[in-house]
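Trainee: Let me begin by handing over the structure; questions about it come next.
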């Protein structure tokens, strides 16, 4: 794997480690879901909030929890990286398992339900992951390649794919979760 991809994965792992324990647990994912919900003013306990938490829980159960090779309920970065290489990067269908979480985020960030994600909504969504607002806005600028002032779900999906699979340092998707 490339050093660039390793660095991006480490950055994302660190963002997701919400309790700063050095490992990932289900609660880290639920805390992120709650952060994204809060950023968008989604009421705790609402149907929308529960759906986002369900999406993050499914992602934990289907993708991250199986990375816990020693069965201790925590996923270390070494476990994460090893499993990522085998289950996402080197598996033709691996990236597809990541889509439910990105689909849930896309549904929330398209606040106008018009297939357009604004800079403000994009920065809000990233703030739910712990990305500082200026970094979220800089990422939006890098990702808005046609400079039309919004991202489409397809453009965002492309950025997500570039972030999690791309090894070219020039890809705009490298900026997706801020500076690393």
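Trainee: Here is a list of conditions, (1) at pLDDT 90 or above; (2) over 15 Å from the mean Cα position of the chain (by Cα), and residue 16 meets all of them except one; can you say which number that is?
Mentor: The one condition residue 16 does not meet is (2).
Trainee: Can you tell me how many residues within region 85-125 are modelled with pLDDT of 85 or more and crowded, with 16+ Cβ neighbours inside 10 Å?
Mentor: Of the residues in region 85-125, 9 are modelled with pLDDT of 85 or more and crowded, with 16+ Cβ neighbours inside 10 Å.
Trainee: Just checking: which of the helices (runs of 4 or more DSSP H) contained wholly in region 60-171 hold 1 or more residues that are free of Cβ contacts under 8 Å to residues at least 40 places away in the same chain and touching a helix residue (DSSP H, G or I) at 6+ places or on another chain (Cβ under 6 Å)?
Mentor: 77-84, 119-128, 133-143, 153-165
Trainee: Here is a follow-up. Under 7 Å by Cβ, and 6 or more places apart or on different chains, what pairs join a residue from region 32-50 that is at positive phi and buried (at least 19 other Cβ atoms within 10 Å of the Cβ) with one that is outside any helix (DSSP H, G or I) and modelled with pLDDT under 95?
Mentor: none
The values are calculated or read from the model by the stated rules, or taken from the named source; none is laboratory data. Everything quoted here is computed from the prediction, not taken from an experiment. Ideal geometry is used to build each Cβ from the backbone, glycine not excepted, and the neighbour counts take in all protein chains shown.
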